[in-house]
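Report on one structure; see the data block that follows.
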Amino acid sequence: MGIGQLLVFVIVGGFAFSVASVAVHRFLPVPITFLMVQRIFEGKGYHHEWVPASRISDNLKVAVIAAEDAKFCSHYGFDMNAIEKAQRNNARGRKVRGGSTISQQTAKNAFLWPQRSYVRKGIEAYYTLLIETMWPKSRIMEVYLNSAEWGPGIYGAEAASQYWFGKSADDLTQAEASRLAAILPSPLKWKAAQSGKYVKGRSGKIRANAGVVRRNGIGTCVLE
């Protein structure tokens, strides 16, 4: 087999594998991710219980839309305004901002490794297009909420709810959901319970924005 044939084989094989994996996880849970494996080797443990979207409070779904991606129900995987804003911010030498949508974060969490690189971002964009094409928005949200990191060795809404509040994910109040959404950018640093001043202030803003999401019907694509 020549180099050209090998290259074609790798490209076709990679394409077939990616489509098949996305198709399978349209219906089956994502049991473990690259980040979870990394954290296990870092000694942070592994606490993860997959639950269907019907067992996750709408309060949390609305809160993460308010906190992470207000256009989630209307975009096709990418928020160009957020990306441009992040690029301008980063160009000024300020704290790096990603501008990633929930769809992009889901693609990364479910299928890719966590480290930042142009290669990973390119593959992430490809997987984002795949899941936006092959999954409904409700499934994207379900996988996102079941794969997100919410503390040291804590993954998914159910484990997070039990860890931080001692209750199931379907019983989260608006205030508790806002606290969980508030710590998503830095779950190993911030606490959803017994939070510091910054998280309390951030969660208050998220709760207010969640009210706007509900009133304006912005989150209807994921609500039960």
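The numbers here are math on the coordinates, done by the rules we state, and not lab data. Everything quoted here is computed from the prediction, not taken from an experiment. Glycine gets a Cβ as well: all are built from the backbone with ideal geometry, and neighbour counts include every protein chain shown.
Which order do the peptides 202-215, 130-143, 20-33 take when ranked by the mean count of other beta-carbon atoms within 10 Å per residue, highest first? Intermediate values should be presented prior to the final figure.
Details: 202-215: 17.9, 130-143: 19.5, 20-33: 13.9.
My ranking of the peptides, most packed first, is 130-143, 202-215, 20-33.
How would you classify segment 97-153 from its alpha-carbon gyration tensor, with a ≥ b ≥ c the square roots of the eigenvalues: rounded for a/c under 1.5, else prolate if a/b is greater than b/c, otherwise oblate? Walk me through the intermediate numbers first.
Numbers: a/c = 1.86, a/b = 1.04, b/c = 1.80.
Because a/c hits 1.5 or more and a/b fails to exceed b/c, segment 97-153 counts as oblate.
What are the ³J(HN,Hα) values, in whole Hz, obtained from phi via the Karplus relation 6.51 cos²θ - 1.76 cosθ + 1.60 with θ = phi - 60°, for each residue of segment 55-70 in sequence order, with x given for Gly and Pro?
9, 10, 4, 4, 4, 6, 4, 5, 5, 6, 5, 4, 8, 10, 6, 5
Taking only Cα atoms and a 10 Å spring cutoff, compute GNM fluctuations for the chain and point out the largest among 102, 40, 183.
Per the Cα network of the chain with a 10 Å cutoff, 40 tops the list.
Which of rounded, prolate or oblate describes segment 138-180 when judged by the alpha-carbon gyration tensor and an a/c cut-off of 1.5? Provide the component values of the computation, followed by the final result.
Working: a/c = 1.84, a/b = 1.21, b/c = 1.53.
Cα axes put segment 138-180 in the oblate bin.
Could you tell me the number of lysine pairs in segment 123-221 with C-alpha atoms less than 17 Å from each other, where the two lysines are 8 or more residues apart or belong to different chains?
On the way: 167/191; 189/197; 189/200; 191/200; 191/205; 197/205.
Final tally of qualifying lysine pairs is 6.
Could you go through segment 170-179 in sequence order and give the Karplus-derived ³J(HN,Hα) for each residue, using 6.51 cos²θ - 1.76 cosθ + 1.60 with θ = phi - 60°, rounded to whole Hz, and x for Gly and Pro?
Result, rounded to whole Hz: 7, 9, 5, 7, 4, 5, 5, 4, 5, 5.
Out of (1) 37, 23, 15; (2) 24, 21, 17; (3) 29, 20, 18, which label holds the value of semi-axes √(5λ) of the Cα gyration tensor in Å that was computed here?
Recomputing semi-axes √(5λ) of the Cα gyration tensor in Å here picks out (3).
Summing Lys, Arg as +1 and Asp, Glu as -1, what charge do residues with Cβ under 13 Å from the Cβ of residue 155 carry, residue 155 excluded? Don't jump to the answer; show the numbers that get you there.
Details: positive: 39, 44; negative: 49, 149, 158.
Value of the local net charge: -1.
I need the phi-derived Karplus couplings for segment 119-130: 6.51 cos²θ - 1.76 cosθ + 1.60, θ = phi - 60°, integer Hz, Gly and Pro marked x.
Karplus-based 3J(HN,Hα) across segment 119-130 equals 5, 5, 5, x, 5, 4, 4, 4, 5, 4, 4, 4 Hz.
Please label the shape of segment 149-224 as rounded, prolate or oblate, based on the square roots a ≥ b ≥ c of the eigenvalues of the alpha-carbon gyration tensor (a/c under 1.5 means rounded; beyond that, a/b larger than b/c means prolate, else oblate).
Values: a/c = 2.00, a/b = 1.34, b/c = 1.49.
Oblate shape, in that a/c is at least 1.5 and b/c is the bigger or equal ratio.
Which FRET efficiency, nearest 0.05, do residue 126 and residue 198 yield, Cβ-Cβ r, R0 35 Å?
On the way: r = 35 Å, r/R0 = 1.01.
Here the calculated transfer efficiency is 0.50.
Give me the net charge of residue 222's neighbourhood, meaning all other residues with Cβ under 9 Å from the Cβ of residue 222; Lys, Arg count +1, Asp, Glu -1. Working shown, then result.
Values: positive: 61, 137; negative: 58, 142, 224.
Around residue 222, the surrounding residues sum to -1.
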